[in-house]
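Step one of this worksheet: look at the structure below.
The values are calculated or read from the model by the stated rules, or taken from the named source; none is laboratory data. Computed from a prediction, not measured in an experiment: that's the story for all the values here. Note that we place each Cβ from the backbone using ideal geometry, even for glycine, and neighbour counts take in every protein chain shown.
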Amino acid sequence: MDEAWERFESGIRVSNLRVECVVGVYPEERNTLQPVDIDLRLELDWHAAAASEQLGASVDYALVARTVAATLRLGHFLLLESAALASARAVSALLALRAPQPLKRLALQLSKPHALRSQALPSVSLDVAGSRLPRASDTRSFEVFRTPRVSLYLESLRGPPTLPPGPRRRFETLAIDAPDPASTERGFARSDAVSCPRQVDAEGRASALPENLSGASLYLWAYERGT
């Protein structure tokens, strides 16, 4: 391969992702789903993936998109700014757990197309350098986001997670691991997409997964303290 193409600036972008979720401070927004549009860019090196055609050497952008969508659905955020920060932190935590290459930069924009009744398009954005993002580690649980109202956690484990007691608990299963022989040690495994909100009893025990989901290993969950 030509030396000029052996190293280059590269990234992955997820654009035009739309999620129906609860976001806003007004009473009508707390009881109604509305669309939020997401544009996400991850600056990282996918040279090895291009040269080897191995998924494990890159990032599963479908799982990244599911993580953002689950964050927005679970958070019931009051502010678009909170939704943006939580989404960015969830993605950075996901990549710290599962990505084969360090993330150099993360840029995210969230828009509420119906907020101003089509008169204008309000949005918020953030851009974070990789040096400020979490690095790969053996940690299997990340506190993604916390406010006085809600906390979000990302967990990687086998079997159902155990949540702390509380009046409002919910989570989604993001991935079911089915190892891909082509994946690298720290790369993404092939995974089936599921969205599986589940009930949690007063002792913090989650309801059993359906039999075909018993191997699920990646969860995003929310603990809401109040309105």
*asked:* Taking the criterion of being basic (Lys, Arg) and in contact with a His (Cβ under 7 Å, 6 or more places away or on another chain), would at least one residue in the range 64-71 satisfy it?
replied: no
*Give, as residue ranges, the helices (runs of 4 or more DSSP H) completely inside the range 1-100 that count at least 2 residues that are among the hydroxyl-bearing types (Ser, Thr, Tyr) and in contact with a helix residue (DSSP H, G or I) (Cβ under 9 Å, 6 or more places away or on another chain).*
61-75, 80-98
*Within the range 1-35, can you find the residues that are within 19 Å of residue 84 (Cα to Cα) and modelled with pLDDT under 90?*
12
